[in-house]
Amino acid sequence: MRTFALAVVLASLVTGSAMAQPKWAIVVHGGAGVIERADLTPEQEAAYRAALTKVTEAGGEVLAKGGSALDAIEAAIHLLEDDPLFNSGRGAVFTAEGRNELDASIMDGATLRAGAVAGVTRTRHPISLARAVMEKSPHVMLMGSGADTFSKEAGLEQVEPSYFFTERRWRSLEKFLAEQKLPVPPRPAGAVVTDEAAALAHDEGKYGTVGVVALDQAGHVAAGTSTGGTTGKRWGRVGDSPIIGAGNYASDASCAVSATGTGEYFIRLTVAREICALVEHKGLSLQAAADEVIQTKLTALGGDGGVIAVAPDGQMAWSYNTSGMYRARLADGEPLSVGIYKDEP
C-alpha cells in the first residue's frame, strides 16, 4: 500500500508540474548596451518601461486569444518599429551616407521556415517584409532595392525614406562622423526637424536592436528581430539581426532566440543557433544555455550584447553581458516582468 500511495503522490506531482507550464509566453527586448541608472532620468525610465509594457501586453493579447507565435511577434515588433525610442523603424540610426537602412528577420519554429531582409529603406515595418519573404517568396533573404521592390509588390505599406528621420539620430551621426573625421552628408530630403522622443530617448550605444520571441498555445515557438544597424555604418554593412542562426533562430525542437549586440561577434559565434543546439543536444536548461553562450563564449571572444529566449515547454530566459538591456516577459498565469538594469531580475 505504501508503494502504491507513493506512486500516486509522485504522479500527482508530475501532473501538477505539467499543468504549471504556461500555455503561452512572450519575451521582448529593446536593445542592450550602456544602460545604467545614473544615465536615465526618471522620465526616460518611465517612458521605456511604459513602451516595453505596451509591446509585451500587445503580443500577449494575441497569444491569449489563441493567435500564433508569428502573429504575436509581428504585432509586437510593429509597435517597436513605430516607436522612436528604439533603434528600428522610426528610431533607426543613420549610415555614414545619411540613410536609414533597415534589417529584420523572422523564423517559424514549427517548420523552420525563415525570412529576412537587409538594407531596406521604404517599408514601414521591416518585420512584415521579412515575414512576406518567408511566406510569399521561394527565398530566405532579400536585400536593398530588390527587397524594397518585393515589398511594394507584396502590398506592404510604403513610406518615403524621410519617414524614418529623427533629429537625435541625425545628431548622433554628425558626432560620430566628426570623431572619425569623415564628411557629414546633406540632410535627407523631406527631413522634419521636430523629434517628439528626443527628450525621452536614451542612446544605448552601438547595440540597438529590437526582438520578440514567443510560444503559442499550439506549442510552437518563433523569433523575430528588427534593427536600424549601427550609427555611421559603411560599405553596406550588415549585422547579425537578419542572419538566421546568428541574431535570430527558432525551432520547436529546442527554443527561439533573438539577439542584440555587436553583430560581428554574434555572426562568428552563430549565437542564436548555438543556444538552441545546447538545449537540444546537451540538454541544458534554457537559462544555462543562454548564459553559456553570452557570459562565457561571447565574453571570451570580446563581444558584447544579449539575448532573449523561450522554449516549447514555457521556459523563458534572457542573458546579457552589458550594463543593461531593455527587456520584458509575460506568460499565461504569470505576471508581467519589465527590466532595464543589471540589478533587476
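Would you check if there is a residue in segment 313-330 being assigned to a strand (DSSP E or B), open to solvent by 50 Å² or more (accessible area, probe 1.4 Å) and touching a residue at least 12 places away in the same chain (Cβ under 8 Å)?
Step one: filter segment 313-330 for residues assigned to a strand (DSSP E or B), giving 316-320, 324-330.
Filter once more, keeping what is open to solvent by 50 Å² or more (accessible area, probe 1.4 Å): 329.
After this cut, where a residue has to be touching a residue at least 12 places away in the same chain (Cβ under 8 Å) as well, the list is 329.
Yes: segment 313-330 contains one or more residues that are assigned to a strand (DSSP E or B), open to solvent by 50 Å² or more (accessible area, probe 1.4 Å) and touching a residue at least 12 places away in the same chain (Cβ under 8 Å).
Based on what the data block shows, is residue 81 charged (D, E, K, R) and closer than 13 Å to residue 228 by Cβ? Let's see the steps before the verdict.
Working: charged (D, E, K, R): yes; closer than 13 Å to residue 228 by Cβ: yes.
Criteria met by residue 81.
Name the single residue that is nearest to residue 339 (Cα to Cα) among those in segment 37-57 being surrounded by 15 or more Cβ atoms within 10 Å (Cβ to Cβ) and of a type in the set (A, V, I, L, M, F, W, C).
The extreme case among them is 52.
Given 122, 113, which one is closer than 22 Å to residue 69 by Cα, at pLDDT 95 or above, among the basic types (Lys, Arg) and in contact with a helix residue (DSSP H, G or I) (Cβ under 7 Å, 6 or more places away or on another chain)?
Working: 122 fails: closer than 22 Å to residue 69 by Cα.
Of the residues listed, the single one that is closer than 22 Å to residue 69 by Cα, at pLDDT 95 or above, among the basic types (Lys, Arg) and in contact with a helix residue (DSSP H, G or I) (Cβ under 7 Å, 6 or more places away or on another chain) is 113.
Return yes or no: is residue 288 among the small types (Gly, Ala, Ser), open to solvent by less than 60 Å² (accessible area, probe 1.4 Å) and in contact with a strand residue (DSSP E or B) (Cβ under 8 Å, 6 or more places away or on another chain)? Don't jump to the end; show me each part of the working.
On the way: among the small types (Gly, Ala, Ser): yes; open to solvent by less than 60 Å² (accessible area, probe 1.4 Å): yes; in contact with a strand residue (DSSP E or B) (Cβ under 8 Å, 6 or more places away or on another chain): no.
Against the criterion (among the small types (Gly, Ala, Ser), open to solvent by less than 60 Å² (accessible area, probe 1.4 Å) and in contact with a strand residue (DSSP E or B) (Cβ under 8 Å, 6 or more places away or on another chain)), residue 288 does not qualify.
Can you name the condition, by its number, that residue 50 falls short on among (1) at pLDDT 95 or above; (2) aliphatic (A, V, I, L, M); (3) in a loop (DSSP other than H, G, I, E, B)?
(3)
Quick check: anything in segment 89-99 out of contact with any helix residue (DSSP H, G or I) (no Cβ under 8 Å at 6 or more places or on another chain) and at positive phi?
No, every residue in segment 89-99 fails to be out of contact with any helix residue (DSSP H, G or I) (no Cβ under 8 Å at 6 or more places or on another chain) and at positive phi.
Being open to solvent by less than 10 Å² (accessible area, probe 1.4 Å) and more than 13 Å from the chain's Cα centre (by Cα) is the filter here, so list the residues in segment 73-94 that pass it. Show your work before the answer.
Narrowing segment 73-94 to residues open to solvent by less than 10 Å² (accessible area, probe 1.4 Å): 73, 76-77, 80-81, 86-89, 91-94.
91, 92, 93, 94 - these are the residues of segment 73-94 that are open to solvent by less than 10 Å² (accessible area, probe 1.4 Å) and more than 13 Å from the chain's Cα centre (by Cα).
Can you confirm whether residue 216 is within 15 Å of the chain's Cα centre (by Cα), among the charged types (D, E, K, R) and within 19 Å of residue 131 (Cα to Cα)? Before the answer, list the steps.
Details: within 15 Å of the chain's Cα centre (by Cα): no; among the charged types (D, E, K, R): yes; within 19 Å of residue 131 (Cα to Cα): yes.
No.
Here is a list: 270, 231, 260. Which entry is closer than 22 Å to residue 323 by Cα, polar (S, T, N, Q) and over 13 Å from the mean Cα position of the chain (by Cα)?
Only one candidate passes the filter, namely 231.
Going by the conditions given, is residue 258 crowded, with 24+ Cβ neighbours inside 10 Å and either of a type in the set (Gly, Ala, Ser) or closer than 22 Å to residue 88 by Cα (or both)?
Numbers: crowded, with 24+ Cβ neighbours inside 10 Å: yes; either of a type in the set (Gly, Ala, Ser) or closer than 22 Å to residue 88 by Cα (or both): yes.
Here the answer is yes, as residue 258 does meet what is asked.
Name the single residue that is nearest to residue 191 (Cα to Cα) among those in segment 162-172 being of a type outside the set (A, V, I, L, M, F, W, C) and in contact with a Gly (Cβ under 8 Å, 6 or more places away or on another chain).
Initial filter on segment 162-172 (of a type outside the set (A, V, I, L, M, F, W, C)): 162-163, 166-169, 171-172.
Now restrict to residues that are in contact with a Gly (Cβ under 8 Å, 6 or more places away or on another chain): 162, 166, 169.
On the way: 162: 5, 166: 8, 169: 12 Å.
It comes out as 162.
For segment 334-345, which residues satisfy the criterion of being at pLDDT 95 or above and either open to solvent by less than 30 Å² (accessible area, probe 1.4 Å) or not in a strand (DSSP E or B) (or both)?
Restricting attention to segment 334-345, the residues satisfying the condition of being at pLDDT 95 or above are 334-341.
Hits for segment 334-345 are 339, 340, 341.
Scan segment 228-250 for residues that are open to solvent by less than 10 Å² (accessible area, probe 1.4 Å) and in contact (Cβ under 8 Å) with a residue 60 or more places away in the chain and jot them down.
228, 229, 232, 239, 241, 242, 247, 248, 250 - these are the residues of segment 228-250 that are open to solvent by less than 10 Å² (accessible area, probe 1.4 Å) and in contact (Cβ under 8 Å) with a residue 60 or more places away in the chain.
Would you mind listing the helices (runs of 4 or more DSSP H) fully within segment 97-180 where at least 1 residues are of a type in the set (Val, Ile, Thr) and open to solvent by 10 Å² or more (accessible area, probe 1.4 Å)?
144-153
Find all pairs meeting these conditions: Cβ atoms under 6 angstrom apart; at least six residues apart or on different chains; first residue within segment 11-36 and open to solvent by 70 Å² or more (accessible area, probe 1.4 Å); second residue at pLDDT below 95 and part of a loop (DSSP other than H, G, I, E, B).
Correct list of pairs: 34/205; 34/323; 36/323.
Given the conditions (1) within 19 Å of residue 124 (Cα to Cα); (2) out of contact with any His (no Cβ under 9 Å at 6 or more places or on another chain); (3) in a helix (DSSP H, G or I), which single one is not true for residue 70?
It is condition (2) that residue 70 fails.
The values are calculated or read from the model by the stated rules, or taken from the named source; none is laboratory data. Quantities reported herein were computed from a predicted structural model and do not represent experimental measurements. Cβ: placed from backbone, ideal geometry, glycine included. Neighbour counts: every protein chain shown. The area values use the complete protein model at the heavy-atom level, side chains included, leaving out ligands, DNA and RNA. Shrake-Rupley method; radii C 1.70, N 1.55, O 1.52, S 1.80 Å.
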